[in-house]
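The block underneath contains the structure these notes are about, expressed in structure tokens.
The values are calculated or read from the model by the stated rules, or taken from the named source; none is laboratory data. All figures in this text were calculated on a predicted structure; none of them were measured in a lab. FYI the Cβ positions are ideal-geometry reconstructions off the backbone, even for glycines, and counts take in every protein chain you see. Heads up: the accessible areas ignore ligands, DNA and RNA and are worked out on the full protein's heavy atoms, side chains in. Shrake-Rupley method; radii C 1.70, N 1.55, O 1.52, S 1.80 Å.
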Amino acid sequence: MGRKLDPSKPHYGGGASPRAARRTQPSPVFLGTALFVLGFVSLFTGHIVTDADWSRIRSRWRSKQVRNNEPINIWKSRYSNLYYGCSRRSVNFRSAVPENSSTGYLLIGTSGGLNQQRIGITDAVVVARILNATLVVPELDHHSFWKDDSDFSDIFDVDWFISYLSKDVTIVKRIPYEVMMSMDKLPWTMRAPRKSMPDFYIDEVLPILMRRRALQLTKFDYRLTNELDEELQKLRCRVNFHALRFTNSIQTLGEKLVRKLRSMSSRYVAVHLRFEPDMLAFSGCYYGGGDKERRELGEIRKRWDTLPELSAEDERSRGKCPLTPQEIGLMLRALGFSNDTYLYVASGEIYGGEETLQPLRDLFPNYYTKEMLAGNDLKPFLPFSSRLAAIDFIVCDGSDVFVTNNNGNMAKVLAGRRRYMGHKRTIRPNAKKLNLLFKRRKQMGWDIFSQKVKKVQRGLMGEPDDIRPGRDDFNEFPSSCICQRIPVNRSVTARAENL
């Protein structure tokens with residue numbers, strides 16, 4: 001059994017001892033403010049604040065205080081077993097509309113790299129559900145920067161995808177020939193605005209779909225709002241975490257690399273390292289490479305006509321610059337990962353090559369990549385960037401700890417998946433505050449530096465009550481699909497909280 005998690009409130013069954021609870025008494029200011037607020041609630045709503053309401057506020061405050069004063073277990077959250085992914089369709093969620101009764105055929109053209117396309121595919125299923133349409137298996141992007149001509153069936157198990165979602169949405173591999181021949185015109189093509197609400201699809205897309213019988217939505221990435229009802233959010237989770245299964249060849253090699261790492265060490269850290277020249281140029285940041293770097297990245301930046309002039313120093317102070325390989329290494333060592341920790345690094349072309357990577361290798365000599373682990377097994381995949389990214393995805397997902405130097409699509413999708421799968425340790429660097437520490441590192445001893453890094457990383461370590469950005473991305477925080485287990489000793493826990 002379980003109950004829904006409110007991500008904004010930390011719920012820990014038995015997380016603090018009675019002694020610890022007594023040590024963390026609420027301050028008079030906090031209690032006074034809370035009582036004042038509750039008084040207003042009572043006045044304007046007529047709701048009488050009960051002892052139970054007050055007890056819940058005190059216990060949540062205590063839980064947060066105890067949590068903030070605990071030493072961090074860098075390998076695993078002590079609370080991860082209290083949460084689980086829950087995305088089953090409810091009994092009131094109607095079955096999929098059959099193909100011959102649907103409003104028409106919805107074609108989707110995705111955009112970007114593998115994980116950006118994954119987000120688009122997930123949202124495409126939900127939009128098809130909103131429109132009561134038959135979804136044609138989405139077409140992957142063959143024309144983006146990555147120049148990968150892989151089709152959906154080259155990366156994902158298409159038959160599993162169709163079968164798993166059959167109760168939610170009717171999906172076909174292609175529009176039937178006889179339907180295409182009977183159509184007066186080719187499918188209508190349009191592009192939805194970013195983060196469109198369901199009303200847009202019902203008001204603007206559905207009439208055209210019903211009139212033309214087939215419609216294609218292009219550049220389909222982030223074209224659906226994060227603000228959906230709970231049942232549609234759960235459908236998103238069923239697509240992303242269950243229906244999108246990699247092909248057997250990709251899954252087999254990815255799992256083989258995980259086993260190789262496990263044979264060398266019982267646990268490992270995976271680092272998703274985005275430090276490609278184009279990404280650095282796009283960021284507008286400076287990484288210490290002098291005039292040569294400014295000239296090279298400046299030339300690359302000219303590819304984008306609409307990018308504004310940025311101050312590299314301002315961008316870094318705002319936390320907008322990806323951490324360098326050395327900075328990632330320093331952060332991990334400061335958090336407590338020792339020199340003999342096994343590191344798996346998922347990356348593309350690193351700007352500066354081996355010279356840029358060497359400081360990270362020095363900090364973690366047990367450094368591995370898919371190229372080092374797979375050998376000749378990787379050859380069939382080398383011409384296809386999305387298939388290589390899928391292998392990295394599997395190995396990163398299988399790690400004990402996942403850390404990234406960026407907030408890109410793979411980082412978001414994997415963070416959300418790891419939360420859904422039991423809050424596996426996922427570290428999101430506090431780039432803004434870490435930048436200040438890196439600047440002053442030589443002015444303090446290692447122990448002080450380590451202590452400060454641990455402090456700024458609290459709330460960004462993949463805990464159930466992690467700090468959330470102002471605007472949640474559902475792919476990173478799939479809160480509608482995460483439930484809390486009810487502890488067996490609930491009554492004992494309640495008594496302990498009230499001591």
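Over the Cα atoms, compute the radius of gyration (one decimal) and Dmax (the largest Cα-Cα distance, rounded to a whole number) for the range 99-243, in Å.
14.2, 39
Skipping prolines and chain starts, which residues have an amide H placed within reach, meaning under 5 Å, of the one on E463, given they are 5 or more residues away or on another chain?
none
Whose amide H sits under 5 Å from the amide H of T404, counting only residues 5 or more places off or on another chain, with H placed in the peptide plane?
Those lying under 5 Å, H to H, from T404 are H272, I427.
Return a single number: how many Lys pairs in the range 256-408, at a sequence separation of 8 or more or on separate chains, have alpha-carbon atoms below 27 angstrom apart.
So the count works out to 8.
What are the ³J(HN,Hα) couplings of the range 227-241, residue after residue, when phi is run through the Karplus curve with 6.51, -1.76, 1.60 and θ = phi - 60°? Round to Hz, x for glycine and proline.
Ordered by residue, 3J(HN,Hα) equals 9, 10, 5, 4, 5, 6, 5, 5, 5, 3, 5, 5, 5, 5, 9 Hz.
Give me the percent relative contact order of the range 73-136, please, defined on Cα pairs under 8 angstrom at least 6 residues apart.
RCO, the range 73-136: 39 percent.
Taking only protein heavy atoms and a 1.4 Å probe, what accessible area per residue, in Å², does the range 99-243 have with all protein chains in place?
Numbers: 6440 Å² over 145 residues.
Per-residue value: 44 Å².
Using a 1.4 Å probe over the heavy atoms of the protein chains, calculate the carbon and sulfur portion of the accessible area of the range 99-243 as a whole percent. Don't jump to the answer; show the numbers that get you there.
Working: 3250 of 6440 Å².
On the range 99-243, the fraction of accessible area on carbon and sulfur atoms equals 51 percent.
Just to be sure I understand the model, the point goes 7 Å from the Cα along the line to the Cβ. What's the resulting D203 to E70 distance in nm?
Computed distance between label sites D203 and E70 equals 4.7 nm.
Relative to the present Cα-Cα distance, how much length would full extension add between D149 and N339 at 0.36 nm per residue of separation?
Values: separation 190, 0.36 × 190 = 68.40 nm, distance 4.05 nm.
Gain on stretching D149 to N339: 64.4 nm.
Fully extended, how many nm does the chain gain between N248 and M444 (0.36 nm per residue separation, minus their Cα-Cα distance)? Present the calculation step by step, with values, prior to reporting the outcome.
Details: separation 196, 0.36 × 196 = 70.56 nm, distance 5.09 nm.
Stretched out fully, the N248 to M444 stretch lengthens by 65.5 nm.
Quick one: which residues, 5+ away or cross-chain, put their amide H under 5 Å from the amide H of T170? H built at 1.01 Å from N.
Counting only residues 5 or more places away or on other chains, the set is V97, L135.
In the range 407-471, which trypsin sites (Lys or Arg not before Pro) are in a loop and have at most 14 other Cβ atoms within 10 Å, using DSSP for the loop call?
R440, R471
May I ask you to evaluate 6.51 cos²θ - 1.76 cosθ + 1.60, the Karplus curve with θ = phi - 60°, for each residue of the range 242-248 and list the ³J(HN,Hα) values in order in whole Hz, giving x for glycine and proline?
The phi angles translate into 10, 6, 7, 9, 5, 4, 4 Hz.
Within 10 Å of each candidate Cβ there may be at most 15 other Cβ atoms; applying that plus a DSSP loop requirement, which GluC sites (Glu not before Pro) in the range 347-430 survive?
On the way: sites: E349, E354, E355, E371; in loops: E349.
Of the GluC sites (Glu not before Pro), the ones in loops of the range 347-430 whose Cβ has at most 15 other Cβ atoms within 10 Å are E349.
Can you give me the relative contact order of the range 99-243 as a percent, contacts being Cα pairs under 8 Å and 6 or more apart? Kindly include the intermediate steps, with their values, before the conclusion.
Working: 239 pairs, mean separation 51.9, N = 145.
RCO, the range 99-243: 36 percent.
May I ask you to list the GluC sites (Glu not before Pro) in the range 196-280 that are in a DSSP loop and have at most 15 other Cβ atoms within 10 Å of their Cβ?
Of the GluC sites (Glu not before Pro), the ones in loops of the range 196-280 whose Cβ has at most 15 other Cβ atoms within 10 Å are E227.
HN-Hα J couplings of the range 443-448 from phi, Karplus 6.51/-1.76/1.60, θ = phi - 60°, integer Hz, Gly and Pro as x?
9, 9, x, 4, 4, 5
Using a Cα distance threshold of under 22 Å, what count of lysine pairs results for the range 99-243 when pairs must be 8 or more residues apart or interchain? Intermediate values should be presented prior to the final figure.
Numbers: K147/K219; K167/K234; K173/K185; K173/K219; K185/K219; K195/K219; K195/K234.
So the count of such lysine pairs works out to 7.
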